[in-house]
Every structure is written in structure tokens, then in C-alpha cells.
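Have a look at the structure below before the remarks.
Every read-out reported here was derived from the displayed coordinates using simple, explicitly stated rules and does not represent laboratory data. All values reported here derive from a predicted model rather than from experimental measurement. Note that we place each Cβ from the backbone using ideal geometry, even for glycine, and neighbour counts take in every protein chain shown.
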Amino acid sequence: MRALDRDARVVPRAEEVHRRAPADDRRGLLRLQAMAGNAAVTALLQRCGDEVHDGCPCAGERAPVVSRQPDAGTADAGAPKCRPPGTRRAGNDADSVDQAVRDGCVDEAFGILNGHAIFGLLPLLAALIPRGSFPALKAAAGGMGGPRMTTAITVAELKAKGGTIGAAELRPVIDLLGVWSVPDRRDALDFLGKLVVINVRGLDLDFSYCAGATGPGCVPEVEKAIAWAKKMQGEYAACRAIKGLKDGDDVDNAVFASLKKQGINPTVAGQTSPTGVVTITPKPMSKCQPILIRGTEIHEAVHQKTTVALQKKFGAGTPAFDKQFFAPAKWIQDDINAYGAEIPFYEEVLQALALLEGKMGP
Amino acid sequence: MTAMTVRVTGVEVDPLGRDLLRRWLVTAEALDGGGEITLLVHSPSLAFRDAAPAGRVFRLELAEPVSEPYAGAFTAHPVEE
Ligand SMILES: [Zn+2]
């Protein structure tokens with residue numbers, strides 16, 4: 001089972017993983033000097049302006065045309081200034097990214113940025129915001145880093161504004177964080193100084209589950225889950241009145257048939273073709289998914305407990321075990337109990353979400 | 001009906017949330033060379049009659065044609081190793 005939590009201390013920080021700069025950190029002119037000799041470097045350094053003097057290294061040359069470095073996004077991939085993938089410039093990541101963008105090496109800059117986990121990326125972006133290269137970096141972020149990068153920039157800029165972050169500033173960020181993994185959301189809120197956690201039966205809830213500026217919080221989805229659990233309790237209870245159910249499969253089939261009769265298709269994402277192939281409809285991480293996963297685990301824990309108890313009493317796989325295990329009355333009651341275990345969890349989640357709303361600030 | 005011997009390799013809440021009744025995704029490795037099969041189930045405990053089926057070997061009998069993931073009826077009998 002996938003753990004919802006992770007211990008950030010166990011994950012090697014991306015900064016630690018990055019290789020140190022190579023010992024040979026000669027850059028730019030020094031490197032050219034080594035390759036092409038002093039004359040070439042002197043020629044570069046001693047420009048003469050509009051006038052050409054005898055003896056001047058640029059005599060016989062037209063005055064240089066001053067031009068900007070290529071704009072970000074038109075990186076000269078083949079240009080020698082840009083470091084090939086896997087190699088890097090001297091200095092810290094902020095300096096390296098800054099210089100790479102200045103050199104028009106956008107691929108290189110985002111190679112560094114994209115390699116960072118969120119907890120390393122956010123402070124790195126914050127360090128880049130005051131740099132002159134930042135507007136070009138930001139302009140290229142969508143194309144080179146995707147929504148992960150543009151959201152990270154929004155988070156870093158919010159932090160850089162300084163001052164207390166209230167609900168009005170936080171809610172637009174919450175809208176963006178919904179598609180991030182739980183640890184990444186938490187790292188972003190922590191970075192903003194807005195990590196308030198309420199633990200509900202093993203699930204850490206934070207502001208990322210609250211309403212955004214435009215998107216709803218998890219309240220509607222949790223209310224839907226409560227309604228569904230109650231409905232399913234009713235569906236199972238109704239099976240008690242059905243005669244001739246032999247085993248658990250019959251119970252499940254009866255529930256399925258009842259839902260079908262009501263026009264309810266429990267398959268919400270994915271369609272089965274006539275050949276039986278299920279086409280998956282991929283959907284992005286939903287911001288409320290961790291709540292629904294925990295609810296499903298709580299439901300399953302009830303079935304596990306029953307299974308273990310019967311195994312202890314009758315022995316796993318014995319005919320007596322099977323008889324009890326598949327008995328329709330037991331099957332019905334177990335699911336009424338299992339859906340029943342979900343409901344108080346969801347209710348506690350609603351209470352926690354209300355508390356969090358109150359803690360978000362003005 | 002399709003029968004196969006499998007080792008359950010993974011049990012997780014279906015990350016894609018494809019089915020409101022079958023919320024668990026069970027991944028199993030077919031031991032008779034059939035590759036991997038995934039099953040959407042309501043409850044791993046109930047489907048495998050085992051509170052912790054991961055890592056264990058079962059003989060599966062699928063009532064419907066194999067699909068990816070398989071969401072039909074099946075029975076699972078533990079196989080002693
Ligand atoms: Zn159940």
C-alpha cells in the first residue's frame with residue numbers, strides 16, 4: 001500500500017545529489033585564452049570604439065555591433081557557451097542558472113531547475129528572483145518546465161513579496177497545488193510559512209485541501225463520499241430482503257444489478273469495449289484523492305479484521321471458514337460496517353477542513 | 001473462463017479511481033508465463049480470502065475475458081508453495 005506520507009529527511013535532497021563543479025572551473029575568457037591565445041583575448045577586451053588606431057588589436061576591423069544575447073527560448077543549443085547535458089558550470093545552482101540564461105542557454109538552465117525536487121526548487125527560484133535574468137527565465141518557464149515550474153515560480157514570487165500571507169494570497173496558489181503530490185504540496189506550504197497540519201486518522205490535512213480562489217475545496221467531494229457510503233449501506237441492507245442469495249458473490253451481483261436499475265454506473269473512469277478491453281481515462285492527481293484513498297483503506301480494514309477473525313476461529317481455507325466467510329448475512333453486515341467506518345472519518349475530515357479554513361488568515 | 005496461477009505483487013487503492021465499487025487495484029504476476037495481470041476489486045481481503053494477499057500465490061479463475069485491468073468476477077484459491 002502506498003504510504004501517503006514520506007519522511008523528507010530520508011529523501012536525499014536534490015542539492016546533495018548534484019555533483020560538485022569540476023575542478024577546472026575556468027570560464028569564458030580564461031578558457032578562450034587557453035584555447036586561442038592571448039591575442040584573441042586582447043582583441044576581445046581592447047575594443048577601440050568608433051576610431052581605429054594603428055596598433056590597436058582591432059585595427060582593420062569594423063566597430064563591433066553591440067547586440068543582446070539571444071532571448072530566452074531561442075537557446076543556441078549548439079553554441080559552445082552552453083554546457084552539454086550532464087556537465088555544469090562552476091558555482092552554486094543560482095549562479096549557474098543565472099549565467100546560463102544570460103548566455104541564452106535556456107535548455108541548460110532548466111536542466112538544472114527541472115532536476116530539483118520542490119523543496120530544493122522553491123528556495124532556488126527565490127534566489128533567482130532578484131537576478132536580472134529572472135524575467136527571461138520566467139518567460140521560458142512554461143515551455144521548459146511546464147506547469148510544475150510555473151506554479152513553483154508563483155509560490156516563490158509570493159514568498160518573495162514578503163509580509164504575512166493571508167487567505168486572499170494563498171487561495172490562488174491552492175488552486176495550482178491541487179495537482180501536486182502530497183509531499184510537494186506540503187513542501188510548498190512549508191516554504192510559504194503556511195503549513196498547518198491537522199491529522200485525521202493517519203491522514204495529514206493542510207490548506208491544500210481547502211477551497212482555492214476559483215476551485216472548490218474538498219468539502220463537496222467528501223460530502224459526496226458520505227452520501228455514497230450511506231447509499232451503499234442501504235443497498236447492502238436491501239439485500240437482506242432478497243431471497244435465494246447463496247453467497248457473497250450473489251450479494252455483490254444484487255447490489256450491482258440494483259445500481260444498474262437506477263442508472264448508476266459505478267465505473268467512473270474507463271470504458272469497457274465489446275471485446276472486454278477497458279480503456280482507461282487518465283486523470284490528473286485530484287487534490288482530494290488522498291482523503292478518498294484513506295477512506296477506502298478504512299473500509300478495507302473492516303474486511304481485513306473480519307477475515308483474520310474467521311481465519312483464527314476456523315482456520316484459513318477450511319470448509320468451515322469458507323461457509324462463514326461467504327455467508328450472505330455476514331457479507332451484507334460486513335459491508336454495512338465497512339461503509340459505516342468510512343462515514344465518521346469523512347465527518348472528521350469535514351470538521352478539520354472547517355478548522356483549517358479558520359486558520360488560513362484574512 | 002480463463003485460469004492462471006499468479007503471485008500477487010501489488011495491492012493499492014486504484015490511483016485512477018476508476019470504479020466506485022472496485023476501488024482496489026491488485027497487480028499479479030502470472031507464473032505460467034502470462035505476464036502481468038491487474039484486477040480491480042472491491043476488497044483484496046474478500047477477493048482473496050486473505051487479509052494480506054501481497055506476495056502470495058493464487059489460482060485465479062476469471063469468469064470473463066481477460067482485460068486490462070480486469071474488473072469482472074473471479075475466484076482466487078490459495079496455492080501452497
Ligand atoms: Zn466492502
Using the Karplus equation 6.51 cos²θ - 1.76 cosθ + 1.60 (θ = phi - 60°), what ³J(HN,Hα) coupling, rounded to whole Hz, does each residue of the range A:90-98 give in order, writing x for Gly and Pro?
6, x, 7, 5, 4, 4, 5, 5, 4
Could you run the Karplus curve 6.51 cos²θ - 1.76 cosθ + 1.60 with θ = phi - 60° over the range A:331-342 and give me ³J(HN,Hα) per residue in whole Hz, x for Gly and Pro?
4, 4, 5, 5, 6, 4, 5, 5, 5, x, 6, 5
A:Ala237 to B:Glu64: FRET efficiency via 1/(1 + (r/R0)^6), r the Cβ-Cβ distance, R0 35 Å, to the nearest 0.05?
0.80
Once label points are set 7 Å from the Cα along Cα→Cβ at both A:Thr267 and A:Thr87, what is their separation, rounded to one decimal in nm?
5.4 nm
Near the amide H of A:Gly212, under 5 Å away, which other amide H atoms are found, from residues 5 or more places off or on another chain, if H is placed in the peptide plane?
A:Gly217
Please quote Rg/Rh for chain B to two decimal places, taking the Kirkwood radius as Rh and restricting both calculations to Cα atoms.
0.92
Of all the Cα-Cα pairs you can form in the range A:301-362, what percent are over 12 Å apart?
73 percent
Quick one: length gained pulling A:Lys246 to A:Lys359 fully straight, 0.36 nm per residue minus the C-alpha distance?
35.4 nm
Between A:Asp95 and A:Ala168, what FRET efficiency follows from the Cβ-Cβ distance if R0 is 41 Å, with the result rounded to 0.05?
0.75
Label-reachable residues, the range B:48-81, where backbone N falls under 18 Å from a point 7 Å from A:Thr318's Cα toward its Cβ:
B:49-51, B:78
Starting from the Cα-Cα distance between B:Glu36 and B:Ala52, subtract it from 0.36 nm times their residue separation and give me the gain in nm to one decimal.
3.8 nm
Cα→Cβ-extended label distance, 7 Å offset, between A:Leu195 and A:Val179, nm:
2.4 nm
Using only the Cα atoms of the range A:107-253, what do you get for the radius of gyration and for Dmax, in Å?
22.2, 77
